[in-house]
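Report on the structure given below.
The values are calculated or read from the model by the stated rules, or taken from the named source; none is laboratory data. Owing to the predicted nature of the structure, the values given are computational and were not obtained by experimental measurement. Methodologically, a virtual Cβ is constructed for each residue, glycine included, from the backbone with ideal geometry; neighbour enumeration extends over all protein chains shown. Side chains are part of the model used for accessible areas, which takes the heavy atoms of the whole protein and leaves out ligands, DNA and RNA. Shrake-Rupley method; radii C 1.70, N 1.55, O 1.52, S 1.80 Å.
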Amino acid sequence: PSLLLLLSAPPGIFAFAGLHAGHHRSAAHQHQSPLLGDTLFPIVFHNDVVRSCPIRWDSYQADPPHFPMYKNLVHLSCTPDNEVEGSFGQLENEVAALQLSTEWRPAGFVFHQSRCGSTLVANMLASIEDHRVYSESRPLAQMLSECPEHDSEILSCSGSRSRYSRQDQIKRVRTLMRGMGRGIGSKPPPKTFFKIQSVHTFHMDLLLEAFPDTPWIFVYRDAVEILASYLGGGEKTGGCTGRPLTHKYHANNPSNHIEHCAAYVDSLCEAALFQLQATNSKGLAVNYTSLPSGLPHLVRNHFGVDLTADNEARMMEVSKVYSKSRVAVGKEFSGDAQKKQEVASKAMRDASHVAQQCNQKLGAYHLTSPA
């Protein structure tokens, strides 16, 4: 399906720096080393250059809250001495040589409204031994940030133009994700899930066209609580200001940071709702209030993944730890919905009204709860 989403954002909002500050490529890295050799997986994609390093998936699986984002796992795993660099053309050749089944697809996509429990979902999925989870991975985000040669029907990009058409971009997304989902050594490809940065919910049409049979979810939360997470009581500017907005805000631009944040939350809902309403949609909406207890049922009955009793117990064990602890012994999670409701200002409540209306429509796309 197509939806005209004209995004209002400062130039370069989708641009990412291609290289880590302070990284210098030594002469030893200039020859063509494999990009997917052994445990090597992509960590950077920029200007048709791919960089890989040996990712320590075992550490992530053992303690997901310690490494809740792919960048945290990259920081653990990668050094200038173990990274390799090559062209995207080289990656294409290596992926073709893998001879993956043409039926390979990601096990699932996790889109989200931000500050709504999506990292909890990723951690619980990652806790299972034969799962691989990319939690907001930089290479895929960088590829989605490229502007195709012409605007698609769903997106008007404010960044730099790529020389690639939309169909070429979709092929490139497939190639990158197939490389990221490959098996290690003689092992078959694991069940691979991708949690996508909230801003790339606006690019979900590209991912769903690349892998139309992949089930997906959109995690959302009470909009007032999301705003409170970003803005506190309204005094903070938060990470949602300056984010892109859908077309309906072009004629009525938000007048302050609270209104812009609320408009961003609403825009994400609008983009997801449009895809949920599509014919033969493989998507479901997941309310924060259903987590974590409802996730095993969703994994079995929506993602179609078998879970043993031990798997489910492991998932629930991981859910007890704050999802973004980033330490070896994370603090125990405690619900904060009431606190966020209490701290939210009247201006935040008023601004979130439109987003709340959109969120209410998502209720029609929940998975039926187990009896």
Q) Does any residue of region 123-138 turn out to be at negative phi, open to solvent by 10 Å² or more (accessible area, probe 1.4 Å) and part of a strand (DSSP E or B)? A) yes
Q | Hits in region 202-229 (condition: under 12 Å from SER114 (Cβ atoms) and surrounded by fewer than 23 Cβ atoms within 10 Å (Cβ to Cβ)) | A | GLU225, SER229
Q) Is there a residue in region 239-251 that is crowded, with 19+ Cβ neighbours inside 10 Å, under 29 Å from LYS340 (Cα atoms) and among the basic types (Lys, Arg)? A) yes
(Q) Pairs please, first residue from region 321-345 and of a type in the set (Asp, Glu), second anywhere and open to solvent by less than 70 Å² (accessible area, probe 1.4 Å), Cβ atoms under 7 Å, 6+ apart in sequence or on different chains. (A) GLU332/VAL321
Q: Taking the residues in region 36-82 that are part of a loop (DSSP other than H, G, I, E, B) and in contact with a helix residue (DSSP H, G or I) (Cβ under 7 Å, 6 or more places away or on another chain) as candidates, determine which candidate is most open to solvent (accessible area, probe 1.4 Å).
A: ARG56
Q) ASN359 versus (1) in contact (Cβ under 8 Å) with a residue 12 or more places away in the chain; (2) within 20 Å of CYS240 (Cα to Cα); (3) over 23 Å from the mean Cα position of the chain (by Cα): which is the lone unmet condition? A) (3)
Q) Counting just the residues of region 171-229 that are part of a helix (DSSP H, G or I) and charged (D, E, K, R), which one comes out modelled with the lowest pLDDT? A) ASP205
**Q.** Tally of residues being among the hydrophobic types (A, V, I, L, M, F, W, C) and under 18 Å from the mean Cα position of the chain (by Cα) across region 299-326
**A.** 2
Q.
Please pick out the residue among VAL305, VAL265, VAL299 that is within 26 Å of LEU140 (Cβ to Cβ) and in contact with a Phe, Trp or Tyr (Cβ under 9 Å, 6 or more places away or on another chain).
A. VAL265
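Restricting attention to region 83-101, which residues are in a loop (DSSP other than H, G, I, E, B) and among the hydroxyl-bearing types (Ser, Thr, Tyr)? Walk me through it before giving the result.
Let us first name the residues in region 83-101 that are in a loop (DSSP other than H, G, I, E, B), namely 83, 99-101.
Once the filter is applied, which keeps residues that are in a loop (DSSP other than H, G, I, E, B) and among the hydroxyl-bearing types (Ser, Thr, Tyr), region 83-101 yields only SER101.
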Q. Given the conditions (1) more than 30 Å from ASN256 (Cβ to Cβ); (2) touching a residue at least 40 places away in the same chain (Cβ under 8 Å); (3) not charged (D, E, K, R), and given that MET348 satisfies all but one, which numbered condition is not satisfied?
A. (1)
Q: Filter region 96-106 down to the residues that are open to solvent by 10 Å² or more (accessible area, probe 1.4 Å) and touching a residue at least 40 places away in the same chain (Cβ under 8 Å), then identify the one that is nearest to ASN287 (Cα to Cα).
A: ARG105
Q: Scan (1) part of a helix (DSSP H, G or I); (2) open to solvent by less than 10 Å² (accessible area, probe 1.4 Å); (3) farther than 30 Å from LYS340 by Cα for the single condition ALA141 breaks and write down its number.
A: (3)
